[in-house]
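The values are calculated or read from the model by the stated rules, or taken from the named source; none is laboratory data. What you are looking at is a predicted structure, and each value in this text was computed from that prediction instead of being measured. In this analysis, Cβ positions are derived from the backbone assuming ideal geometry, glycine residues included, and neighbour counts consider all displayed protein chains. The accessibility values were calculated without ligands, DNA or RNA, using every heavy atom of the protein model including side chains. Shrake-Rupley method; radii C 1.70, N 1.55, O 1.52, S 1.80 Å.
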Amino acid sequence: MSSLTHSIFTAFDLITQYDPLLWSVVARSLWVSVWATAIASVVGIFFGAWTGVSRFYGRGVLLTVFNTLLALPSVVVGLVVYLLLSRSGPLGHLGWLFSLKAMVFAQSVLVFPVVVALTRQCVEDADRSHGEQFQSLGAGTGWRSLLLVWDERYVFLTIVITAFGRAVSEVGAVMVVGGNIEGFTRVMTTAIALETSKGDLPLALALGLVLLVVVFCLNILVAAVRSWRLRLDGSASDPLQKAWV
């Protein structure tokens, strides 16, 4: 039996036999990514919706900045958060460096521009289509953005799922601010990098398979949400009626 075949079979054994080291890393990774996605989504959706319907001086520059941040490498985000949380940094008094809180913070910063950019584009498109109907009812900028978010809520579910996929699959930021400490801050992506460098291929493959399954399930969920949205759009063509479906 080749080393590759042996590693694959051993990886499946680790998964099916519920290896405690493997599943503790998986649980920690999901915990960090869920919290980071939740924080970034709550703030990012409302900020993105407001920028989608508002017109103010410097809006174009602000949108350009957020679009640029979409391509920001995760290690750069990790470096910035590291400098903020270090002892000499402005947030050093929190004592978060090399902890799960620092990892949640870093992933939130990484995911936030994604949520803002997608939300802004979605709300802006919806506002062009039927924002005038909400304005005719007397809704100001704030209420109009909230109504458009509710109207496009299934699209925003897709945005949140996309943001979670971005968070759970990144490695650079969490490694910089978390330190990849075994039993404390080691998550799936950092563990895969470490175990591969150590030559422990079965554990790295097992973690990679679990991560692949998580991303695959996310894509199925996104496809299901899109299909559900298409059916709802077909049953409610009027935007005011659709907002309450």
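Quick notes on this one:
- For the range 147-195 versus the range 1-75, the gap between their alpha-carbon centres in whole angstrom: 2 Å
- Per-residue [θ]222 nm for the chain (sum of -39500 (n - 2.57) over DSSP H runs n ≥ 4, rounded to 500): -26500 deg cm²/dmol
- Shown here is the pair-distance distribution of the chain: with all Cα-Cα distances grouped in 5 Å bins from zero up to the longest one, the shares run 1, 6, 12, 14, 15, 13, 12, 10, 7, 5, 3, 1, 0, 0, 0 percent.
- GNM on the chain, alpha-carbon springs under 10 angstrom: the most fluctuating residue among A206, A191, A71 is A71.
- Averaged over its residues, the chain has an accessible area of 52 Å² per residue, based on protein heavy atoms and a 1.4 Å probe.
- Segments 41-49, 107-115 sorted - mean Cβ within 10 Å per residue, highest first: 107-115, 41-49
- Here the dipole of the chain is about 420 debye; that uses its Cα centre as origin and unit charges on the Cβ of Lys and Arg (positive) and Asp and Glu (negative).
- At least 18 Å along the helix axis (C-alpha) and Kyte average at least -0.5, DSSP helices within the chain: 3-16, 20-53, 100-136, 153-168, 201-235
- Spacing of the modelled spin labels on V213 and Q121, each 7 Å from Cα toward Cβ, amounts to 3.2 nm.
- Dipole axis of the chain (+1 Lys, Arg; -1 Asp, Glu on Cβ), positive-most option in L62, A206, F216: L62
- Computed over neighbours whose Cβ is under 11 Å from that of L100, the net charge equals +3, Lys and Arg +1, Asp and Glu -1.
- Of P20, F164, F112, farthest towards positive along the dipole that unit charges on Lys, Arg, Asp, Glu beta carbons give the chain: F112
- Built amide H within the under 5 Å cut-off of R186, gap 5+: I181
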